[in-house]
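Since the structure comes first, as structure tokens, the remarks are kept for the end.
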Amino acid sequence: MNRIIPVGALTLALLLSGALGFSRSLGQDGSSYAPSFRVTDLKGKTISLSDYRGKVLFLNFWATWCPPCRAEIPDFIEAYAEEKANGLEILGISLDSKGKEEVAAFVDKYKINYPVVLETRENTSKIVNDYQPGQFIPTTIIVDKTGRIRHKQVGAVDKDTLLKHFRQLAAE
């Protein structure tokens, strides 16, 4: 039997996740290990955390209706185009309640060049529960080449900041 979680429950989960904080084992530098995940992007490709081993991953939690999210997308697109060959990876995690077709149309319209996953009511939002982006979007969580969470930024990330974090972690 399929259970549908109301939008309010997803919102409550997001609110609680920000209040509860991370509860993972920490490395010596205070970083925590990123929880494994397995998701399917809008094109039907299965993606897991292990696919990004040896690369710097930006998990960007966003929505089509969010003005700061929309404002940061062009910077993410440019940075990804410039640094993908050097190990920069971005996974967009849309928290829209709209259907897959509407989010895919948005991705096409804005020419988003990195994978995008849609977390919906039918999908119990395991990645949201595990990564706990908090109550505000956009939120970007940066995972280093060894799979440790190294930074969490609530609010829009501009290209210079994104590249600064990427280059610092890529050099380690």
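The values are calculated or read from the model by the stated rules, or taken from the named source; none is laboratory data. Everything numeric in this text was worked out from a predicted model, so none of it was measured. Heads up, the Cβs are rebuilt from the backbone with ideal geometry, glycines too, and the neighbour counts pull from every protein chain shown.
Sort out for me the helices (runs of 4 or more DSSP H) sitting completely within segment 93-172 that have 3 or more residues that are under 17 Å from THR64 (Cβ atoms) and over 14 Å from the mean Cα position of the chain (by Cα). Reasoning before the result, please.
On the way: elements: 100-109, 126-131, 159-170.
In segment 93-172, the matching helices (runs of 4 or more DSSP H) lie at 100-109.
Among residues of segment 131-151 that are on the phi > 0 side of the Ramachandran plot, those with a beta-carbon under 7 Å from a residue that is in a strand (DSSP E or B) at least six positions away or on a different chain give the pairs GLY134/VAL154; GLY147/TYR33.
Residues in segment 63-79 that are part of a helix (DSSP H, G or I) and surrounded by fewer than 18 Cβ atoms within 10 Å (Cβ to Cβ): 8 in all. On inspection, PHE106 fails the criterion of being buried (at least 21 other Cβ atoms within 10 Å of the Cβ) and aromatic (Phe, Trp, Tyr). Restricting segment 81-95 to residues that are surrounded by 19 or more Cβ atoms within 10 Å (Cβ to Cβ) and not polar (S, T, N, Q) leaves a set whose member that is farthest from LEU169 (Cα to Cα) is LEU95.
Within segment 36-57, the set of residues being at pLDDT 95 or above, out of contact with any Pro (no Cβ under 9 Å at 6 or more places or on another chain), surrounded by 14 or more Cβ atoms within 10 Å (Cβ to Cβ) and assigned to a loop (DSSP other than H, G, I, E, B) comprises just one member, LYS55. Residues that are in contact with a helix residue (DSSP H, G or I) (Cβ under 6 Å, 6 or more places away or on another chain) and within 12 Å of ASN60 (Cβ to Cβ) within segment 138-172 comprise PRO138, ILE141, ILE142, ALA156, VAL157, LEU162, listed in sequence order.
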